[in-house]
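Throughout, read-outs are computed from the coordinates displayed, never taken from laboratory work. Bear in mind that the values here come from a model prediction, so they are computed numbers and not experimental data. Because the Cβ atoms are built from the backbone with ideal geometry, glycine has one as well, and the counts that use them run over all protein chains shown.
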Amino acid sequence: MKLQVSLTAFLLSIALHSTAGVGLGPDTEIRKGVFYTLTPDMAQKLGLNITAIKNKLQAQKYDDILVKVDELDQLDLSVHSQPAMKKLVADNIDQPNDYN
Amino acid sequence: MIITKIHEKLKSGAWVVEDILSMFESKLQIQLGTGKAKFTVTELCLSYYAKISLNDIKLRSNSFGLNDLSLDEKSYQYIVDILTTDHTKAEVGVFTESEKLKLNEALSLVKDANIFDMPDVSKVFQTFLKIEDVVFRSASHPHIFGVMLVGEPIKNFTAEQVAVSIVHEMAHQELFLITLLDRLINQAYDYHEIHAPFQGRKRPPIGRIHSLWALYRMVQFQNKIGKANLKHQALMKENIKAFESGELTQFGECLVKIVENEAT
């Protein structure tokens, strides 16, 4: 029987018991649906070995989710606070945009 | 790479809102430490960009945002500040019954068009806000993602024209999401203003590419519902030529190429 753990529980467990890497046994299954909470930043803060986690996920054929974990780091939230974007919006508001 | 997948999908004519939106929500949830708590993307955006506590935000609404909408004071002020420029001092208003009817008719038109991979409007816009004392017919802003701002001039337009406005704003939302992955404009050209055919005045490249993308999705929609608009098609073609060498990133150039292919 496989052990199911949520990623939060998994991270807590690792943080409490190990800083040397991931020691997941072959019977541990990481449950789907919580993976977005795992970012390389967070893994680093908790002293986790992200490669080992990825290997574990890949072994469980969660490749698609793995990609998404990495993809989150590609989003730059600051772009929408840059001066050029503020100007774009201000310019639009002053226009009738009556495009018919 | 996600950007490659997004490019491939866009090349096929499909929308990519849903591909990036879930990532955007997840990233905001991580940044705000909310876990998987059920907050709308608008609430997450307001909290992240306007620094308003999620507990203070009251933007939830019934009936697709058209009715019974209450806004907390901080969110209200933030939205009004966004809309306040040297020339404009806007107010959030209340839709009249005929405006609600018109909006619902327009929403049905968009839904019935059944465009390839176009997201359901309700996934993009959870809230419609009536804005008074403004000249624009519609607007949107990345800090209040999920909100379509509907200007007072809506009363002068038909349901079909409002449907085009909805698609127009959805295109802006799509581009807001794409710019999270690639800023589209090389930074040195952020304020490089040249003539933009859509507005008939000088605009920076981010403004021109937003115009182009909005026109592209509008034309796609109008063709699909059998109401091709020659003026918009011509404007779209003119906008394709409104970029100078070096302004756009490689991905920005890809977007222009996609529109160019649609135009020919």
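Summary table
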{"read-out": "Calculated FRET efficiency for the pair B:Asp133/B:Glu160, C-beta based, R₀ 35 Å, to 0.05", "value": "0.85"}
{"read-out": "For chain B, share of DSSP beta bridges that run antiparallel, in % to the nearest 5", "value": "65 percent"}
{"read-out": "B:Ala196 long-range amide H proximity, modeled H, under 5 Å", "value": "B:Arg201, B:Lys202, B:Arg203"}
{"read-out": "Residue mean of other protein chain beta carbons inside 10 Å, B:26-33", "value": "4"}
{"read-out": "Cβ neighbours within 10 Å from other chains - mean over A:78-86", "value": "6"}
{"read-out": "Pairs from B:Lys11/B:Lys111; B:Lys9/B:Lys237; B:Lys38/B:Lys58 whose Cα-Cα separation, in the structure shown, is over 24 Å", "value": "none"}
{"read-out": "Stokes-Einstein D (µm²/s) once Rh is taken as the Kirkwood radius of segment B:211-264 over alpha-carbon pairs, at 10 °C in 1.306 mPa s", "value": "139 µm²/s"}
{"read-out": "Average partner coverage of B:174-184, which counts Cβ from other chains inside 10 Å", "value": "3"}
{"read-out": "Segment B:118-264, Cα convex hull volume normalised per residue, Å³", "value": "123 Å³"}
{"read-out": "Kirkwood-based shape ratio for segment B:1-154, expressed as Rg/Rh from alpha carbons", "value": "0.98"}
{"read-out": "Exposure proxy order (Cβ contacts within 10 Å, fewest to most) of A:His80, B:His195, B:His232", "value": "B:His195, A:His80, B:His232"}
{"read-out": "Three-way shape call for segment B:74-191 based on the alpha-carbon gyration tensor, with the a/c threshold at 1.5", "value": "oblate"}
{"read-out": "Cα-derived Rg to Rh of chain B, Kirkwood definition", "value": "0.94"}
{"read-out": "Listed residues B:Leu230, B:Leu71, B:Leu54, most fluctuating in chain B (Gaussian network, C-alpha, under 10 Å)", "value": "B:Leu230"}
{"read-out": "Max mean-square fluctuation residue, GNM over chain B, Cα-Cα springs under 10 Å, options B:Thr88, B:Thr42, B:Thr249", "value": "B:Thr88"}
{"read-out": "In sequence order, calculated HN-Hα J values of segment B:92-107 (Karplus, 6.51, -1.76, 1.60; Hz; x Gly/Pro)", "value": "7, x, 10, 5, 7, 4, 5, 5, 4, 4, 5, 4, 5, 5, 5, 4"}
{"read-out": "Helix-only CD estimate at 222 nm, as mean residue ellipticity for chain B, using -39500 (n - 2.57) per DSSP H run (n ≥ 4)", "value": "-16500 deg cm²/dmol"}
{"read-out": "Beta bridges by DSSP in segment B:122-264, antiparallel share as percent, to the nearest 5", "value": "55 percent"}
{"read-out": "Interchain or long-range residues, amide H under 5 Å from B:Gly151's placed H", "value": "B:Ile131, B:Ser138, B:Ala139"}
